[in-house]
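Since the structure comes first, as structure tokens, the remarks are kept for the end.
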Amino acid sequence: MQSTAATHADLDVNFGQVANAATSRTLETTISLLQCSQYKGPRSSDMQATHALFEGDEQVLFGNFLNRDPSVGFKDCVYEPLPSILKLSKRLEALLEEYNLSRGRLGDVSTLGGKGSSSGAASRSGARSQPGGSGHKMQLVFFQDAVLHIVRLARVLQQPRGNALLVGVGGSGKQSLARFAAFVAGCELVTVNLRRGYGPPAFREDIKQLYKIAGGEGRSVMLLLSDHHIIHEAMLADINGLLNTGEITGLFSHEEQSILLDQAR
């Protein structure tokens with residue numbers, strides 16, 4: 001037993017010496033390769049090609065609002081390449097003037113769940129103009145990133161059940177761009193009206209009004225929700241169904257569904 005133990009000890013020592021020698025040779029080889037290497041980073045031509053491909057001044061943009069009359073809609077509009085950022089910003093400035101003139105009609109912010117009469121198209125389904133929503137003009141600066149965001153949002157909003165998640169610090173202009181993009185895309189803008197006792201049941205009633213506007217009356221509507229509107233976790237399940245399938249389980253009774261189907265026909 002003693003001889004066996006000694007043999008194993010000798011083997012461990014020899015193996016350790018071989019391993020240390022191999023590690024030393026590897027380090028020496030690596031150091032010599034680094035010293036002999038002539039690699040000094042990417043070539044300038046490669047960097048120029050990458051910059052031109054991903055960060056160039058020319059952006060490939062498409063849209064159907066270039067020659068659109070907001071009062072007519074998108075019936076005869078052509079989805080076409082958009083001009084340069086400079087020319088496109090001029091077009092957006094003209095649309096912004098039309099947006100500020102049309103407050104109270106297309107582009108006005110309405111709240112779901114309002115009671116009583118109100119002006120504008122949203123009043124037919126119980127929505128009312130947001131207090132202070134049309135008291136001042138929107139002022140936007142169309143720098144490159146703002147133009148790109150507006151074009152993207154306008155394209156998303158014209159897709160069936162199109163939706164977008166806007167991420168950024170507070171006060172960076174997310175809601176302002178969303179409201180203006182809704183106007184560019186020909187959508188009416190609505191949001192929920194938080195009030196005392198507001199919760200999932202009241203939120204579902206507001207979504208019912210939204211369905212009646214979009215499905216029953218056939219109007220293009222954008223629902224604007226911010227993080228402070230989500231005051232209960234149960235509302236997230238309804239929003240998830242609204243975004244994924246366009247339906248919320250158990251939202252309408254059979255009688256309400258029949259009425260909506262008759263309106264849709």
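The values are calculated or read from the model by the stated rules, or taken from the named source; none is laboratory data. Remember, predicted model here, so these are calculated numbers, not experimental data. No Cβ is skipped: glycine too gets one built from the backbone with ideal geometry, and neighbour counts run over all protein chains shown. Surface accessibility is based on the protein's heavy atoms, side chains included, excluding ligands, DNA and RNA. Shrake-Rupley method; radii C 1.70, N 1.55, O 1.52, S 1.80 Å.
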Exactly one condition in (1) within 26 Å of Gly173 (Cβ to Cβ); (2) modelled with pLDDT of 90 or more; (3) touching a strand residue (DSSP E or B) at 6+ places or on another chain (Cβ under 9 Å) is false for Ser220; which is it? (2)
Could you look through segment 185-227, keep only residues that are over 21 Å from Arg152 (Cβ atoms) and free of Cβ contacts under 8 Å to residues at least 12 places away in the same chain, and pick out the one that is surrounded by the fewest Cβ atoms within 10 Å (Cβ to Cβ)? Arg196
Out of the residues in segment 241-264 meeting the condition of being open to solvent by less than 70 Å² (accessible area, probe 1.4 Å) and outside any helix (DSSP H, G or I), tell me which one is nearest to Gly215 (Cα to Cα). Gly246
Which condition does Ala237 not pass, out of (1) small (Gly, Ala, Ser); (2) open to solvent by 40 Å² or more (accessible area, probe 1.4 Å); (3) outside any helix (DSSP H, G or I), if it passes all the others? (3)
